[in-house]
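Just below is one structure, and these are the notes that go with it.
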Amino acid sequence: MNIIVLIKQVPDTNEVRIDPETKTLIRQGVPSIVNPEDKNAIEEALRLKETVGGKVTVVTMGPPQADVALREAMAMGVDESYLLTDRFFAGADTYATAKTLSTAIRHLFPDFDIVLCGRQAIDGDTAQVGPQTAEQLGIPQVTYVSRIEVNDTRLLVSRVIEDGYEVIEVGMPALLTIVKEANKPRYPSIKRIFEAYNAEVRSVGINDLGLDGNEVGLKGSPTKVVSTETPDTHRSGEVFSGNPKECADLLIQRLKIRHLI
Ligand SMILES: Cc1cc2nc3c(=O)[nH]c(=O)nc-3n(C[C@H](O)[C@H](O)[C@H](O)COP(=O)(O)OP(=O)(O)OC[C@H]3O[C@@H](n4cnc5c(N)ncnc54)[C@H](O)[C@@H]3O)c2cc1C
């Protein structure tokens, strides 16, 4: 089985702070990590390979330093990795990102069986890239997948919904987006980490994919960000004074006025 996993390198949002003056993100010193649900997608791909055999390839579109994310995936046990990197790819919105990823999949892996993505990236947070990539590839997609079973040429997948699971049968090739409930990603061994840092990461540019500069990156992005702002997090607090019973009565009164109780 030929399994492709799309991963994104993201800033560790636990470490991101907002500059109170400029209201922009402070990026300096913020470590980059593999998007958490992409690690669940990698783990799911490795388990599929262990069950039915085949090959797992990871692909990311990003700047040259995103190769660190690919090496982390290789340390987990992935066979091959591709970095789609070119100045023409910069400034892509989700549509242009999916355009580049889907073109690369068609071009580099014409006989792919499954594409796995994380459900959502923790920085952009749109959850659009997986579904858009499936649309541009013209293949079926199942989102929010927590379990995959291979049944000959078809897949039986469980999909998390608000009050339970849906079980869906889908033909291959298909694209699935994986949720964190699917598994616990494995830790790489020290040996694998060393091997991954000596392994080849294949670099792919716009010319390798036969794409035009107007179709990708900022030029190929229909979304235009007009402005961004940070919500004001200051709250007007009220401090009650009096004995505990008086304070509790006042609190109940305030909550009733706002119809909260
Ligand atoms: C107008 C505009 C301009 C932008 N300019 C820039 C810019 O200059 N630089 C910049 O870094 N971002 C830019 N972005 C953000 C960029 O579009 C998104 O970060 C990117 O498309 C992924 O979307 P997301 O983070 O919402 O991912 P989601 O859709 O939430 O990701 C879902 C899954 O898709 C896969 N995936 C997502 N992105 C990638 C990727 N790059 N490679 C492989 N797999 C992936 C992963 O499996 C991920 O878990 C811009 C966005 C807009 C709207």
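Size descriptors for region 87-234 (Cα atoms only): Rg and Dmax, in that order, 18.1, 57 Å.
Report, ordered by chain and residue number, the lysines lying within cross-link reach of residue 55, taken as a straight Cα distance under 30 Å and ignoring same-chain residues fewer than 8 apart. Qualifying lysines at Cα under 30 Å: 8, 39, 99, 180, 184, 191. Extents of the chain, taken as max minus min of Cα coordinates on every principal axis and listed largest first, are 73, 42, 40 Å. Within region 1-114, the proportion of C-alpha pairs whose separation exceeds 21 Å stands at 43%. Straight-line cross-link reach from residue 245 at under 18 Å between alpha-carbon atoms covers these lysines, not counting any fewer than eight positions away in the same chain: 256.
Restricting the calculation to alpha carbons of region 153-261 gives Rg and Dmax of 27.6, 75 angstrom. Placing one equal scatterer on every Cα of region 151-195 and applying the Debye formula, the log10 ratio I(q)/I(0) at q = 0.27 Å⁻¹ is -1.02. Taken over the alpha carbons of region 9-73 as equal point scatterers, the Debye sum produces base-10 log I(q)/I(0) values at 0.18, 0.20 Å⁻¹ of -0.75, -0.85. Ellipticity at 222 nm from helices only: DSSP H runs of n ≥ 4 in the chain, each -39500 (n - 2.57), divided by the residue count, give -9000 deg cm²/dmol.
Values in this text are rule-based calculations from the coordinates and carry no lab data. Since this is a predicted model, take the numbers as computed values, not measurements.
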